[in-house]
Amino acid sequence: MEHIILHPIGIVSNDRKLISDDNWGEVESVINLRDGIPEEALTGLLEFSHIHVVFYFDKVEDAKICLEARHPRNNTSLPKIGIFAQRAKNRPNKIGITVCKLLSIEKNKITVVGLDAIDGTPVLDIKPYLVEFDVRDNIQPDWTRDIMKNYF
């Protein structure tokens, strides 16, 4: 299989230094774009209320990547499910994606709220949140609502 090389477009800056599963809703983060990305790459983005931020879980150790079915958050009251049926950080390619509220853009700094990435996390891409692409029938297991009640 061919290797794919990705280069971060920026780095997350915020007060969260430790990996944590909850209370991300009020976390304000600045995405500092790398040198060489022109300001015009952000033209029109501020017209959107929310953006997708794609990032790399660079602090996840390779030995902790999980391909087997497991209980989310190791909570045995939840069903055992595979990694592709959950949003856990211990993924094969360590890629995370979150929809964040876009607060401001100033030159090469994008300020968002609700990004569940710790300080120093590499950002791989940013896309606008579009209802036509992103909203579908809301079909998901009931247990997911319970586990997420304190996440944001």
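The values are calculated or read from the model by the stated rules, or taken from the named source; none is laboratory data. Everything quoted here is computed from the prediction, not taken from an experiment. Glycine also receives a Cβ, built like all others from the backbone with ideal geometry; neighbour counts cover every protein chain displayed.
Remarks
- Residue satisfying all of: in segment 50-86; loosely packed, with under 11 Cβ neighbours inside 10 Å and of a type in the set (Gly, Ala, Ser); nearest to Ala117 (Cα to Cα) among these: Ala63
For every residue, the table says whether it meets (1) among the β-branched types (Val, Ile, Thr); (2) more than 24 Å from Pro8 (Cβ to Cβ); (3) surrounded by 14 or more Cβ atoms within 10 Å (Cβ to Cβ).
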{"residue": "Gly44", "(1), (2), (3)": "no, no, no"}
{"residue": "Lys89", "(1), (2), (3)": "no, no, yes"}
{"residue": "Leu115", "(1), (2), (3)": "no, no, yes"}
{"residue": "Val131", "(1), (2), (3)": "yes, yes, no"}
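- Apart from one condition, Phe152 fits all of (1) closer than 25 Å to Leu46 by Cβ; (2) at pLDDT 90 or above; the exception is (2).
- Failed condition for Lys107, given (1) within 19 Å of Pro72 (Cβ to Cβ); (2) exposed (fewer than 14 other Cβ atoms within 10 Å of the Cβ); (3) in contact (Cβ under 8 Å) with a residue 40 or more places away in the chain: (1)
- Within segment 116-131, the set of residues being at pLDDT 95 or above and in a loop (DSSP other than H, G, I, E, B) comprises Asp119, Gly120, Thr121, Tyr129.
- Selection within segment 35-60 - part of a loop (DSSP other than H, G, I, E, B) and under 18 Å from the mean Cα position of the chain (by Cα): Phe48, Ser49, Phe57, Asp58, Lys59, Val60
- All of (1) at negative phi; (2) without any contact (Cβ under 8 Å) to a residue 60 or more places away in the chain; (3) exposed (fewer than 12 other Cβ atoms within 10 Å of the Cβ) hold for Met148 with one exception: (3).
- Screening segment 111-152 for residues that are touching a strand residue (DSSP E or B) at 6+ places or on another chain (Cβ under 6 Å) and among the polar types (S, T, N, Q) and picking the one that is farthest from Lys17 (Cα to Cα) gives Thr111.
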